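Throughout, read-outs are computed from the coordinates displayed, never taken from laboratory work. Because the structure is a prediction, the values reported are computed rather than measured. All Cβ positions, even for glycine, are placed from backbone atoms using ideal geometry, and neighbour counts span all protein chains on display.
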Amino acid sequence: MLVSKLPNVGTTIFTVMSELARTHGAINLSQGFPDFDAPAALLDRVQYYLRHGHNQYAPMMGATSLRQALTTKVRDCYGLQVDSEREITVTSGATEALFCAIAAVVQAGDEVIVFDPVYDSYEPAINLQGATAVHVPLRAPDYRPDWGLVEAKINGRTRAIIINTPHNPTGTVWQAHDLLELQRLVSKHGLFAIADEVYEHIVFDGSRHESICRYPDLYNRSFVVSSLGKTYHVTGWKIGYCIAPPDLTIEFRRIHQYVTFTSITPVQLGLADFLAEHPEHHLELGAFYQRKRDYFNDLVSGSRFTLKPSAGTFFQLLDYSAITDEVDTALARRWTQEAGVASIPLSLFYAQPPRDRLLRFCFAKDDVTLERAAEKLCRL
């Protein structure tokens, strides 16, 4: 008889809501993917490599040109000089990178601190190592970490802290103070940090993304994970990467080589060319998505929803407490079927859900899609 290693894990809510949207013909503002295409120049470069014989395995750690281009980006954005051979690994999406980072340092019996609402891939990866996730809540409406509470959760079994900034699902962005506190705790207690920074270039209102890469002492105990799929509007390509100091990268690659070994070659090569030739894309991405955030928020301003504008990511939380007291999980399903707009209920990202009435909506859509969705939301 099969005994599940993840007995409490079902189909992810993103799959459930996207399928529900497809079944009922609803506008899908649930799962986080754009409904517009990548830059034409990027598609051209990938097509070039597809048609010119670059369709065999890339190196296990990733195509050389892509790792070199990422080295330049990290230096220019965060002032950190990393070795492309020894500190950068290309992965099949950020989810794989997060899994490999967790598996590299977490042992059976360990504890790993996560922040609720927490992205749903972290805890299963922790549990598969025989370890336990320790949940620290981020409280609405600011969702700022309480570092005193974090330190109170640390004990002799604590192995790592997983952070996510810009934060999915709340759209908050951590500040320099938060990274300095994290650095203090990691150093004081001999912990590792795993940073999910997949929305690193999607930060709004003049704020700065506080990457772990800006803090050399913290970086020396950290894995920093990001996503080229998010940055270049190509989530379906599933290309991510992990930056870590050489000793941690050795352990990371020991796992990675037996998870996916390597990722699709022509896509890596095309991304390398585009990243090197068009840095303006990632440098202007925050402004691009801020316009979409503002447009969506303006469109729903006449509704009964209330909101605090997202500080980053391409997600916006809407508070529906003036409309109904219905539980968010049931409401998200009902509105997908009846109102024709799919969203994500926030309570599923908590170990102990608060009584907030919030749904997450993705605004990484073209203007017509946002207009159609907002028209439906304003009727509720």
For residue 158, distant residues with modelled amide H under 5 Å away: 111
Sequence of 379, 86 once ranked by neighbouring C-beta atoms within 10 Å, starting from the fewest: 379, 86
If the convex hull is drawn through the Cα atoms of the range 56-278, its volume per residue in Å³: 113 Å³
Part-to-part distance (alpha-carbon centres) for the range 325-380 and the range 165-216, which is given in Å: 27 Å
Cβ-based net charge around residue 312, under 12 Å, with every Lys or Arg adding one and every Asp or Glu removing one: -1
Amide H contacts of residue 240 (H built 1.01 Å from N, under 5 Å, at least 5 apart or other chain): 91, 92, 93, 94, 228
Most fluctuating residue given options 263, 211, 303, as computed from a GNM of the chain linking Cα atoms under 10 Å: 303
For the chain, alpha-carbon Rg and Dmax in angstrom: 20.4, 58
Eligible lysines near residue 376 by straight Cα distance, threshold 30 Å, same-chain separation 8 or greater: 230, 292, 308, 365
Residue 144 paired with residue 338, simple spin-label distance in nm, labels 7 Å along Cα-to-beta-carbon: 3.9 nm
Fewest-first ranking of 378, 362, 242, 77, using other Cβ atoms within 10 Å as the exposure measure: 378, 77, 362, 242
Pairwise FRET efficiency - residue 220 versus residue 327, Cβ, R0 = 41 Å, nearest 0.05: 0.40
Residue order, fewest to most beta carbons within 10 Å, for 60, 17, 1: 1, 60, 17
